[in-house]
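The values are calculated or read from the model by the stated rules, or taken from the named source; none is laboratory data. Everything numeric here is computed off the predicted structure, so don't read it as measured data. With ideal geometry, Cβ positions are generated from the backbone for all residues, glycine too; neighbour counts draw on all protein chains shown.
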Amino acid sequence: MQENVKRNYEAAKAQYAEHGIDVDQSLKQLAQIKISMHCWQGDDVRGFLNRDQDLTGGISVTGNYPGAARTPAELRADLEKALSLIPGKHKVNLHAIYVDTDEKVELDRLEPKHFRRWVDWAKEQGLGLDFNPTCFSHEKSSDGFTLSHPDPEIRRFWIDHCKASRKISAYFGEQLGQTCVTNVWVPDGFKDTPVDRMAPRQRLKESLDEIFAEELNPAYHLDAVESKLFGIGSEAYVVGSHEFYMGYGIRNNKLICLDAGHFHPTEVISNKLSSLALFADGILLHVSRPMRWDSDHVVVMDDELLAIGQELVRGDLLGKTHIGLDFFDASINRVAAWVIGTRNTIKALLRAMLEPVDLLRKAELEGDYTTRLAIAEEFKSYPFGAVWDYYCEQQGVPVREQWLAEVKAYEQEVLLKRG
């Protein structure tokens, strides 16, 4: 270990210890947290099933940075490079369109065997897998409706796809010994104001009821449902609103997914966690960075990311919250995007763990808001960076910006040769 990293860490540890913070214990706790890193950053949400299909469902990726993955093998290589630069052991989140098979198969006919190569790879890497049915960028979703479609045949296609996805999820969990979270999000909605808001939601509820009818072992598989405020092409009305899925999830014991970009621009998901945790069996997070709208920018260390970390730690919610990422930026090196976003998410959790929560809570309870504000502000300049450097070195990944040189070398040696 670099002598300066160790020295700085010991000094920082002593400083935090003055407030009763056990830094070593915090790092042990941090090492147990798995971030679900989304595969779709690596190829701009194209997938491998219908690769020439235009992106639809409000999905849009801008930029033309060279080196996007073109095959499952290339995507896995890029994921390996990114994960080698991120401390801890984590999970990879797959969409159904990232199937790896030589067989021609449609979404509603997918089976576990079509993802065997992904499972073999995850075993080799010591990773978990999460999953998502892909209810967009398909000819049967071209009019903006899937599980709430008025045509029963189209609705049947998407129901069968979601059923198949749940079985694939259970297979992942059984094979890897880690619970697989499968998240259902659909883009259904109207561009302009509808006359009938009830009927599509009734159809969506009935579709979900059928999809979730089969009980699966929660040790291997968990269901989640994800809302959205609006999207491109569904500006006026989204069938699966927050109210719809919050009610559905609580009544039916499903995880409720909060995506950082799926609410009004002035709303934040950090403020929702404590309320939802009181009633929901569990929470799934899609950590992203909306810029004026659901634009899915790479996660940076901004106020909302820090607030999410603080709420999870202060409210003791890490045990019931699954943390995933959801952004896609084709204007920068895609491997670097993964590394920046995932390292920042872990940093935010660590910073929250290094707060004197008991002291702050005591001051608040006693009405001493001066102390609460003063201590919270002073801790913003405590030597968190020294602890982070030590953790990275302890985990065998580059310290600070040293990782960027590895990504640049990988770009020259691998990405730019893809054409």
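Descriptive notes on the structure:
- Positions within segment 156-182 being over 23 Å from Arg203 (Cβ atoms) and among the small types (Gly, Ala, Ser), in sequence order: Ser169, Ala170, Gly173, Gly177
- Selection status of Glu378, surrounded by 11 or more Cβ atoms within 10 Å (Cβ to Cβ), of a type in the set (Asp, Glu) and either more than 25 Å from Asn344 (Cα to Cα) or more than 28 Å from the chain's Cα centre (by Cα) (or both): no
- Taking every residue in segment 262-276 that is closer than 20 Å to Phe327 by Cβ and pairing it with any residue that is in a loop (DSSP other than H, G, I, E, B) and among the acidic types (Asp, Glu), at least 6 positions away or on another chain, the pairs with Cβ-Cβ distances below 9 Å are His262/Asp294; Phe263/Asp294.
- Within segment 5-29, residues that are surrounded by 20 or more Cβ atoms within 10 Å (Cβ to Cβ) sit with their Cβ atoms under 9 Å from residues that are in a helix (DSSP H, G or I) and basic (Lys, Arg), at 6+ positions apart or across chains, in these pairs: Ile21/Lys13; Val23/Lys13.
- Annotation note: Cβ proximity below 7 Å between a residue of segment 98-118 that is free of Cβ contacts under 8 Å to residues at least 40 places away in the same chain and a residue that is buried (at least 16 other Cβ atoms within 10 Å of the Cβ) and of a type outside the set (Val, Ile, Thr) (sequence gap 6+ or interchain) occurs for Thr101/His114; Glu103/His114.
- Test: residue in segment 281-298 that is surrounded by fewer than 19 Cβ atoms within 10 Å (Cβ to Cβ), touching a residue at least 12 places away in the same chain (Cβ under 8 Å) and among the aliphatic types (A, V, I, L, M): no
- On the stretch given as segment 230-253, residues that are in contact (Cβ under 8 Å) with a residue 40 or more places away in the chain, surrounded by 18 or more Cβ atoms within 10 Å (Cβ to Cβ) and among the aliphatic types (A, V, I, L, M) total 2.
- Among the conditions (1) surrounded by fewer than 15 Cβ atoms within 10 Å (Cβ to Cβ); (2) part of a loop (DSSP other than H, G, I, E, B); (3) of a type in the set (Asp, Glu), Asp100 misses just one, which is (1).
- Residues of segment 335-355 classified as out of contact with any Phe, Trp or Tyr (no Cβ under 7 Å at 6 or more places or on another chain) and either outside any helix (DSSP H, G or I) or not small (Gly, Ala, Ser) (or both), total: 9
- Matching entry among Ile154, Ile168 (being modelled with pLDDT of 95 or more and surrounded by fewer than 22 Cβ atoms within 10 Å (Cβ to Cβ)): Ile154
- Top-ranked residue in segment 68-97 [being under 26 Å from Trp185 (Cα atoms), assigned to a loop (DSSP other than H, G, I, E, B) and not hydroxyl-bearing (Ser, Thr, Tyr); ranked as farthest from the chain's Cα centre (by Cα)]: Arg70
- Segment 126-144, subset touching a residue at least 60 places away in the same chain (Cβ under 8 Å) and part of a loop (DSSP other than H, G, I, E, B), residue farthest from the chain's Cα centre (by Cα): Ser142
- Residues of segment 282-303 satisfying the condition of being farther than 20 Å from Leu255 by Cβ and either touching a helix residue (DSSP H, G or I) at 6+ places or on another chain (Cβ under 6 Å) or among the β-branched types (Val, Ile, Thr) (or both): Val298, Val299, Val300, Met301
- Number of residues in segment 62-81 that are among the polar types (S, T, N, Q) and either farther than 19 Å from Met37 by Cα or surrounded by 14 or more Cβ atoms within 10 Å (Cβ to Cβ) (or both): the value is 2.
- Residue check for Arg400: surrounded by fewer than 18 Cβ atoms within 10 Å (Cβ to Cβ), closer than 23 Å to Lys34 by Cα and within 24 Å of the chain's Cα centre (by Cα): yes
- Residue selection: Phe131 satisfies the criterion of being under 19 Å from Leu49 (Cα atoms), at pLDDT 95 or above and surrounded by 15 or more Cβ atoms within 10 Å (Cβ to Cβ).
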